[in-house]
Amino acid sequence: MEYADLLGGDPGKLRQHREPEVWSPLEYACHVRDVLLAQRERVLTARRIDNPPATLMGRDERVEHDGYAEQNPADVARQIRDAALLFANVLERLGEADWERTLIFAYPEPQERSLRWLALHTLHELRHHLLDMHRQLDG
C-alpha cells in the first residue's frame with residue numbers, strides 16, 4: 001500500500017507543515033486510517049439499522065485529540081494496512097441488495113446515500129489524500 005511506503009520516509013519530513021493551515025503528511029495518514037475505520041463502522045451500522053445517521057467523525061478535532069503529529073509513522077503505516085483490510089472485508093461481505101442500503105451522510109449537508117456511494121466516496125478520499133501527501137513530500 002502506497003501510504004505505508006510513504007510513511008517509511010524521514011519522520012521529520014513526515015511531521016513537517018509546508019503551510020500553516022495544511023496538515024502534515026503524517027496527519028493526513030492518520031486521517032486516512034480513521035476514515036477507513038469510521039466508514040467501516042458506518043457500513044456495519046447501515047446493515048443493522050435502516051437509514052441511520054452517519055455520525056460526524058470530528059476530522060479536524062481528531063488531529064489534536066488523538067495527537068496525530070506525535071504518532072509513530074511505522075505504527076500508522078501498520079494501522080492503515082489493518083484498517084484497509086477491515087474495510088475491504090466488510091465491503092466484500094455485502095450482498096447485492098446491501099449495496100443499495102442507505103444512511104444519512106452529514107457532509108457537506110445531510111443527504112441519503114447508498115453503501116455503494118459510501119465505498120466510492122471512500123476511494124475518492126483515499127486517492128485525494130494520497131495526492132495531498134505527495135504534494136507535501138515531493139515539494
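One line per residue, one yes/no per condition, for (1) touching a strand residue (DSSP E or B) at 6+ places or on another chain (Cβ under 8 Å); (2) modelled with pLDDT under 95:
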residue: Ala74; (1), (2): no, no
residue: Ile80; (1), (2): no, no
residue: Thr102; (1), (2): yes, no
residue: Ala106; (1), (2): yes, yes
residue: Pro110; (1), (2): yes, yes
residue: His121; (1), (2): yes, no
residue: Leu126; (1), (2): no, no
residue: Gln136; (1), (2): no, yes
Exercise. For residues in region 65-96 being surrounded by 13 or more Cβ atoms within 10 Å (Cβ to Cβ) and outside any helix (DSSP H, G or I), which is nearest to the chain's Cα centre (by Cα)?
Worked result: Asp66
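Mind telling me which of the residues Pro73, Pro52, Pro110 ends up being closer than 26 Å to Arg18 by Cβ and not β-branched (Val, Ile, Thr)?
Numbers: Pro52 fails: closer than 26 Å to Arg18 by Cβ; Pro110 fails: closer than 26 Å to Arg18 by Cβ.
Going through Pro73, Pro52, Pro110 in turn, just one is closer than 26 Å to Arg18 by Cβ and not β-branched (Val, Ile, Thr): Pro73.
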Exercise. Which one is farthest from Leu94 (Cα to Cα), of the residues in region 1-34 that are assigned to a helix (DSSP H, G or I), among the acidic types (Asp, Glu) and more than 12 Å from the chain's Cα centre (by Cα)?
Worked result: Asp5
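Yes/no per residue for (1) more than 17 Å from Asp5 (Cα to Cα); (2) under 12 Å from the mean Cα position of the chain (by Cα):
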site	(1), (2)
Val43	yes, no
Met57	yes, yes
Ile104	yes, no
Glu112	yes, no
Asp132	no, no
For this session: Name the one entry in Asp98, Asp66 that is in contact with a helix residue (DSSP H, G or I) (Cβ under 9 Å, 6 or more places away or on another chain) and more than 17 Å from Trp23 (Cβ to Cβ).
Result: Asp98
Exercise. For region 35-62, which residues satisfy the criterion of being surrounded by 18 or more Cβ atoms within 10 Å (Cβ to Cβ) and either assigned to a loop (DSSP other than H, G, I, E, B) or touching an Asp or Glu at 6+ places or on another chain (Cβ under 6 Å) (or both)?
Worked result: Val35, Met57
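The values are calculated or read from the model by the stated rules, or taken from the named source; none is laboratory data. The structure presented is a predicted model; accordingly, all values stated were derived computationally and were not measured. FYI the Cβ positions are ideal-geometry reconstructions off the backbone, even for glycines, and counts take in every protein chain you see.
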